[in-house]
1. Compute the acute angle (0 to 90°) between the alpha-carbon long axis of helix 17-29 and the principal axis of greatest extent of the alpha-carbon atoms of the chain; round to the nearest 10°.
2. To the nearest 0.05, how large is the calculated FRET efficiency for residue 91 and residue 48 if R₀ is 30 Å and r is the Cβ-Cβ distance?
3. Could you give the distance between the Cα centres of segment 13-30 and segment 109-128, to the whole Å?
4. Hey, rough spin-label estimate for residue 130 and residue 118, points 7 angstrom out along Cα→Cβ, what's it come to in nanometres?
5. Tell me the mean residue ellipticity at 222 nm calculated for the chain from its helices only (DSSP H runs of n ≥ 4, each -39500 (n - 2.57), averaged over every residue, nearest 500).
6. Rounded to the nearest 0.05, what FRET efficiency is calculated for residue 60 and residue 110 with R0 set to 35 Å and r the Cβ-Cβ distance?
7. Give me the Debye-computed log₁₀ of I(q)/I(0) at q = 0.13, 0.17 Å⁻¹ for segment 1-118, equal point scatterers on Cα only, no solvent, two decimals.
8. Taking every DSSP beta bridge with both residues inside the chain, roughly what % is antiparallel (nearest 5)?
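Derivation of every value follows stated rules applied to the coordinates shown; laboratory data play no part. Note that this is a predicted model, so its numbers are computed, not measured. Neighbour counts run over all protein chains shown; Cβ positions are idealised from the backbone, glycine included.
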């Protein structure tokens, strides 16, 4: 949490209870959340405030946008030490984390300097494939 708060301070933003609460929700959930998800989990923060906060967090590189199945944008904390991808159920929309990345293999195979990447898996979750 402290590194995110330090980024806010360094950019001249006040550390408010609302900002801490939203950051804590993103930390605790460890999965991409929509603005509606974040709003539902916040005790007393209105939707417009959450929207503005998340935009500031994205602009500062604290949070990044995860676009899954070309549907609603989800948001997740940026953490260089915790790079991962996601798999999403095409039926129910459940999202699971995949804690691996093939970017180093891609670099070796192609000799490209990779500057950005996205990798999305789609399938059926255990409940839906029954």
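1. 20
2. Details: r = 33 Å, r/R0 = 1.09.
The pair residue 91/residue 48 has a calculated efficiency of 0.40.
3. 28
4. About 3.2 nm, to one decimal.
5. Numbers: 5 runs with 51 residues, N = 130.
One gets -11500 deg cm²/dmol as the mean residue ellipticity at 222 nm.
6. On the way: r = 32 Å, r/R0 = 0.90.
The computed FRET efficiency comes out at 0.65.
7. Debye intensities relative to I(0), on a log10 scale: -0.57, -0.92.
8. On the way: 10 of 14 bridges.
The antiparallel fraction comes to roughly 70 percent.
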